[in-house]
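The block underneath contains the structure these notes are about, expressed in structure tokens.
The values are calculated or read from the model by the stated rules, or taken from the named source; none is laboratory data. Just so you know, these numbers come straight off a predicted model, no measurement behind them. All Cβ positions, even for glycine, are placed from backbone atoms using ideal geometry, and neighbour counts span all protein chains on display. Only protein heavy atoms, including side chains, enter the accessible area calculation; ligands, DNA and RNA are left aside. Shrake-Rupley method; radii C 1.70, N 1.55, O 1.52, S 1.80 Å.
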Amino acid sequence: MSIVLKAIAVLLAAVLLISCSGSFLLSDLDATEQALIQSAVDDVSSTLLYTTLETIDGSRTTRADCESAALALLSAAVSPKPGSSAAIIPVDGNDNIIAELPGNEPALPPVIVTAHWDWVYAPAMEDNASGMAGVIETARILATRSCRRTIRFILFDHEEWGMVGSEAYVSGLSAADLPDYFVNYDMISYTSSSPDTLCPIARQTAGDYIVALTPEWAAESVAEFTRDARLFVPDLRFYAATLPSDYSSSPLINNATRSDNESFWNRRAHGLFFTTADRDPYYHSPQDTIDTLDIAFLTKVVKAGLATICVRAGIQ
């Protein structure tokens, strides 16, 4: 789908979005939890995010080179944690790259953090080296922390061919293996000083905010993210909203939200889709380069995502 058609789909779908009213009763974070989460958030490094993007950029000559670089980056990120692992897991012709940080209570369902590593046209920095960098930086920080739940980091293959890698992975999970919560990063570092298609709905004046979406049956995810983002990254501009529960029956909404999050939502797993709403004019073109990205914005998005992941994983 062209960026123009996709932008129209996003705008029309937004009319059907149901903004979260904050009506959920959220448990307060105590002072110890807040201190632990704030410490993790403060460790997010713009410098390291940029370095990761440079490494991915330099590897986008062949699939094999990029796959090898992605595995090396994710392996290094989780390596400080005893019992951690990272590997390429082939499934139905897809090379999903999966790393895991064991939790203190392994019987609990995991928290999963995802992005996709495949691309349409190199260098593909926004779509989706930005999401890959977010996953890798989150893994690096949590590898030196302790959490109740196991945290799994997945770089999916073949998202650009219809979420094939994530569908193969999620369809193979038993009900007991489904995550307690997931975050999917897909295009999270492009901003514009001009309004984008969602600005009228999101009540924003420029395309300098992140969109966080989930179906209304998982609306507490939006409420929790709203609380966590405001508490730990107060200068991040964001629009968090729920989709109608039958969003998949609407081509407009479905086209506007198609990424690996749908593979999880199709199994009723709760979690958020983070995106810049396809405002990037260089998306799916050779002009999607590292110099077009807003690294300060990317850093804020990763901080906010990390905060809500820490809450759900039970940082200790």
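Considering the stretch 91-107, the residues that are in a strand (DSSP E or B) and surrounded by fewer than 21 Cβ atoms within 10 Å (Cβ to Cβ) include one that is nearest to the chain's Cα centre (by Cα), namely Ile98.
If I ask for residues that are more than 15 Å from Leu298 (Cβ to Cβ) and either acidic (Asp, Glu) or open to solvent by less than 10 Å² (accessible area, probe 1.4 Å) (or both), which ones from the stretch 125-146 would you list?
We begin by selecting, within the stretch 125-146, every residue more than 15 Å from Leu298 (Cβ to Cβ); these are 139, 142-146.
Scanning the stretch 125-146 gives Ala139, Leu142, Ala143.
Tallying residues that are in contact with a Pro (Cβ under 7 Å, 6 or more places away or on another chain) and free of Cβ contacts under 8 Å to residues at least 12 places away in the same chain within the stretch 180-214 yields 1.
For Ala69, the requirement of being free of Cβ contacts under 8 Å to residues at least 24 places away in the same chain and either surrounded by 15 or more Cβ atoms within 10 Å (Cβ to Cβ) or of a type in the set (Phe, Trp, Tyr) (or both) is met. Of the residues making up the stretch 22-68, those that are farther than 23 Å from Glu137 by Cα and hydrophobic (A, V, I, L, M, F, W, C) are Phe24, Leu25, Leu26, Leu29, Ala31.
Kindly provide the set of residues from the stretch 112-144 that are of a type in the set (Val, Ile, Thr) and under 17 Å from Ser68 (Cα atoms), ordered by number.
Of everything in the stretch 112-144, those that are of a type in the set (Val, Ile, Thr) and under 17 Å from Ser68 (Cα atoms) turn out to be Val135, Ile136.
The set of residues in the stretch 263-316 that are among the charged types (D, E, K, R) and open to solvent by less than 10 Å² (accessible area, probe 1.4 Å) comprises Asp280, Asp288.
If you check Thr138, Thr144, Thr150, which single one turns out to be over 15 Å from Ile112 (Cβ atoms) and of a type in the set (Ser, Thr, Tyr)? Result of the check over Thr138, Thr144, Thr150: Thr144.
Restricting the stretch 148-158 to residues that are of a type outside the set (Val, Ile, Thr) and open to solvent by 10 Å² or more (accessible area, probe 1.4 Å), which is farthest from the chain's Cα centre (by Cα)? Ranking the candidates gives Arg148 first. Taken together, Pro82, Pro110 contain a single residue that is exposed (fewer than 13 other Cβ atoms within 10 Å of the Cβ) and not small (Gly, Ala, Ser), which is Pro82.
Which of the numbered conditions does Cys20 fail, given that it passes all the others? Conditions: (1) in contact with a Ser or Thr (Cβ under 9 Å, 6 or more places away or on another chain); (2) crowded, with 21+ Cβ neighbours inside 10 Å; (3) modelled with pLDDT of 95 or more; (4) closer than 30 Å to Pro281 by Cβ. Answer for Cys20: the failing condition is (3).
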